[in-house]
Every structure is written in structure tokens, then in C-alpha cells.
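Engineer: Dropping the structure in here first, questions after.
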Amino acid sequence: MDLIMDQEFDNETIVFDGFHFIGCSFTKCIIIITSPDFAFDRCSFKDTAFHVDPALSAFQIAQTFYPDSTDSWTGISVNETPSNLP
């Protein structure tokens, strides 16, 4: 993944795929996400819209946004598969 560090984006359309953003700020931007192959750390978003490809599963996107998160409704980590499912 290519790193983009400490950049300010204002009123731009940015494709997140293939990039790792660190310490960036996004103001009035449109973020395009078509794959789970992206990351961001310590970024800020103000008046910014996220457009996510509907073919991506909610779990793929949640795992990218919250890699260590647990689904608050089921208690299942997004990195786990319940053992009682077929």
C-alpha cells in the first residue's frame, strides 16, 4: 500500500483503494471506496461523504474502519466466524 502522510485535502474526490493515509485531513471531500484495500490512521474528516461500492460487504468495510472491533449487537469479532453457523 502506498503511504500518504500529513496531507490536507479540501473539496476533492479521493479514491482510497491501495492507499494508507496517516495524519491527513479531509474537508468537504468525497471518498470513494471500491475495495477493502485501504487504511487510515489519525485522520480527520469534516463535511466529507463516503461512497462505498455496494458489492462490498458491511463486514469488510467495518473491519477496515475498526480492525479490532466487536459487533456490539452480537458480540462477534469481525475477524471471527461463529462456530454454530453452517
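Every read-out reported here was derived from the displayed coordinates using simple, explicitly stated rules and does not represent laboratory data. Note that the structure is a prediction, hence the values are computed from the model and not measured. Quick reminder, even Gly has a Cβ in these numbers, built from the backbone with ideal geometry, and neighbours come from all protein chains shown.
Engineer: From the residues Leu56, Ile32, Asn11, which one has its Cα farthest along the dipole of region 2-65 in the positive direction, the dipole being from +1 and -1 charges on Cβ of Lys/Arg and Asp/Glu about the Cα centre?
Structural biologist: Leu56
Engineer: Let me ask something else. Which whole-number percent is the relative contact order of region 1-65 (Cα, under 8 Å, 6+ apart)? Provide the component values of the computation, followed by the final result.
Structural biologist: Details: 142 pairs, mean separation 18.9, N = 65.
Relative CO of region 1-65 lands at 29 percent.
Engineer: Output the peptides 27-39, 3-15 sorted from most to least packed, where packing is the average of other Cβ atoms within 10 Å over each peptide's residues.
Structural biologist: Working: 27-39: 16.2, 3-15: 12.8.
In descending order of packing, they fall as 27-39, 3-15.
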